[in-house]
1. Test of understanding: among R245, R277, R213, which residue is without any contact (Cβ under 8 Å) to a residue 24 or more places away in the chain and surrounded by fewer than 24 Cβ atoms within 10 Å (Cβ to Cβ)?
2. Checking L197 against (1) free of Cβ contacts under 8 Å to residues at least 24 places away in the same chain; (2) surrounded by 17 or more Cβ atoms within 10 Å (Cβ to Cβ), which test does it fail?
3. Between a residue in segment 5-30 that is touching a residue at least 60 places away in the same chain (Cβ under 8 Å) and closer than 22 Å to N203 by Cα and any residue that is in a loop (DSSP other than H, G, I, E, B) and of a type in the set (S, T, Y), which pairs come within a Cβ distance under 6 Å, given they are 6 or more apart or on different chains?
4. Does T20 qualify as being more than 30 Å from A409 (Cα to Cα), under 21 Å from the mean Cα position of the chain (by Cα) and not aromatic (F, W, Y)?
5. Identify the single condition in (1) free of Cβ contacts under 8 Å to residues at least 60 places away in the same chain; (2) under 22 Å from G326 (Cβ atoms); (3) buried (at least 19 other Cβ atoms within 10 Å of the Cβ) that V205 does not satisfy, given that it satisfies every other one.
6. Do we find a residue being free of Cβ contacts under 8 Å to residues at least 60 places away in the same chain and in the same structural domain as V193 (by TED's automatic domain parsing) anywhere in segment 67-86?
7. Of the conditions (1) assigned to a loop (DSSP other than H, G, I, E, B); (2) within 30 Å of E307 (Cα to Cα); (3) within 16 Å of ligand 2 (Cβ to nearest atom); (4) not charged (D, E, K, R), F376 fails just one. Which one is it?
8. Evaluate the following for I381: is it more than 25 Å from the chain's Cα centre (by Cα) and either in the same structural domain as P164 (by TED's automatic domain parsing) or within 16 Å of ligand 1 (Cβ to nearest atom) (or both)?
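The values are calculated or read from the model by the stated rules, or taken from the named source; none is laboratory data. Since the model is a prediction, treat every value here as computed from it, not as a measurement. Glycine also receives a Cβ, built like all others from the backbone with ideal geometry; neighbour counts cover every protein chain displayed.
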Amino acid sequence: MKFKGGIHPDYHKLTADHATVVMPLLKRYVIPVSQHIGTPGEIIVERGQEVGRGQPLTSPAGFVSVSVHAPTSGKVKKIADFPHPLGKAQPAVEITSDGEDAWFEDIAGHGDWRDLTPARLKNIIRDAGLVGLGGASFPTHVKLSPPKEKPVDLLILNGAECEPYLTSDHRVMLEHPAEVMEGIGLLMRALGVRKALVGIENNKVDAGEALKRARPVDLDIKVHLLETKYPQGSEKHLIYALTKRQVPAGGLPMDSGVVVQNVGTALSCHDAVKLGRPLTERVVTVTGSAVREPANVMVRVGTPVAEVIDFCGGLTGDVGKVIFGGPMMGIVQSNLAAPVLKGTSGILCLVESEISQFQGAPCIRCGNCVDACPMFLVPSIMGLLVERNRFADLGEYHITDCIECGSCAYVCLSRRPLVQFFKRGKLEWHEHVKQLEGSVS
Ligand code: SF4
Ligand code: SF4
């Protein structure tokens with residue numbers, strides 16, 4: 001099944017054939033408290049305290065909240081504001097390694113997930129600090145707890161990895177198919193569903209075959225290859241492509257009876273339950289023409305990006321931009337001291353010549369953006385409204401349905417900064433709605 005709209009960007013999956021390499025232990029890590037959507041946890045360690053790998057550094061502050069954990073054993077050196085990938089410095093725990101890399105004493109596997117209740121599985125997943133590893137970083141246990149009035153009958157695993165440079169999910173599926181499949185099984189049990197579908201773009205046939213071979217006989221899990229088309233990995237488009245179900249405007253996947261999880265998240269759920277290991281590391285694709293040795297790297301959460309790049313041979317002289325994530329939806333980094341987070345799927349380093357240097361020009365009404373928008377929006381008009389500060393009119397054009405995929409900007413002949421327009425437009429629109437509500441009450 002195909003979704004309408006979307007684009008076919010140039011693919012640069014330079015690292016698709018590169019087996020994951022493990023980064024050696026560092027002397028220092030910086031673990032930001034805020035790493036997911038929701039409320040950051042509260043710090044529960046003190047300066048000078050010794051910690052084991054996997055020991056919680058924070059405790060959750062509410063339901064939509066999870067802990068962060070020590071990426072190795074050592075001592076808490078400092079608790080202060082440190083550079084954060086989102087721009088502004090944020091509270092973080094700095095840990096100096098003792099070189100032992102010893103797991104925290106409380107770490108122990110929980111046995112076969114088939115013997116555990118759904119409630120117990122969700123608690124283990126919450127305590128392991130699990131969030132969506134595809135980039136959105138929404139706490140996994142919350143997604144697994146839909147309200148009673150929204151019954152869910154299907155789990156979908158997102159293995160699309162439609163961002164043009166990223167290959168971390170591809171490697172996870174190829175290198176750990178049995179663990180991913182067991183992870184899917186335990187997610188199905190936690191959610192109370194009997195059926196799961198895995199969606200993979202058809203540029204990763206080998207990953208699909210590996211998963212099919214590893215499918216446990218007692219589980220109804222089907223693997224589907226989908227057209228390679230951006231943004232195939234968007235939850236709403238993946239659901240439509242696999243089931244023809246449509247998530248209502250402004251709704252969530254659970255409104256169409258579905259929960260979507262990333263394949264990397266399934267692997268980490270397996271590790272949390274089977275091995276008792278909290279989320280302290282993940283696979284990161286380090287790529288682009290400005291990095292000397294592109295690679296898929298197993299990186300501890302809290303590793304400064306400069307160290308990861310050094311491990312991959314360093315930058316070439318003419319680096320123009322370093323991006324966390326992919327080129328379509330990633331976040332540009334201004335400080336290479338910022339650390340890898342749970343949701344960091346890639347570090348993309350582009351040379352100057354690959355960066356568009358010129359200013360956006362006025363809209364020429366070519367209509368390319370309208371054809372490309374997978375949400376059936378009218379990006380050209382939305383962009384003009386933002387430019388003219390007509391934020392109150394954005395509701396009529398459903399700006400809140402924009403998933404910020406960047407397809408419109410990719411095809412725009414005038415190189416207009418449409419996604420930046422829409423990020424600002426959404427904030428201003430929400431402000432406008434708040435003011436309206438305030439004047440009514
Ligand atoms: S960024 Fe928003 S407006 Fe542009 S194509 Fe994606 S969904 Fe449509
Ligand atoms: S693609 Fe760009 S130039 Fe063309 S209509 Fe859309 S905003 Fe205007």
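1. Being without any contact (Cβ under 8 Å) to a residue 24 or more places away in the chain and surrounded by fewer than 24 Cβ atoms within 10 Å (Cβ to Cβ) holds for just one of R245, R277, R213, which is R245.
2. Every condition holds for L197 apart from (1).
3. Qualifying pairs under 6 Å: H12/Y165; K13/T167; T15/T167; A16/T167.
4. Working: more than 30 Å from A409 (Cα to Cα): yes; under 21 Å from the mean Cα position of the chain (by Cα): yes; not aromatic (F, W, Y): yes.
Answer is yes for this residue.
5. The one condition V205 does not meet is (3).
6. The first filter runs over segment 67-86 and keeps only residues free of Cβ contacts under 8 Å to residues at least 60 places away in the same chain, leaving 73-81.
When the remaining residues are screened for being in the same structural domain as V193 (by TED's automatic domain parsing), the result is none.
Checked against the condition, which is being free of Cβ contacts under 8 Å to residues at least 60 places away in the same chain and in the same structural domain as V193 (by TED's automatic domain parsing), segment 67-86 yields no hits at all.
7. Every listed condition holds for F376 apart from (2).
8. Considered against the rule, which asks whether it is more than 25 Å from the chain's Cα centre (by Cα) and either in the same structural domain as P164 (by TED's automatic domain parsing) or within 16 Å of ligand 1 (Cβ to nearest atom) (or both), I381 comes out as yes.
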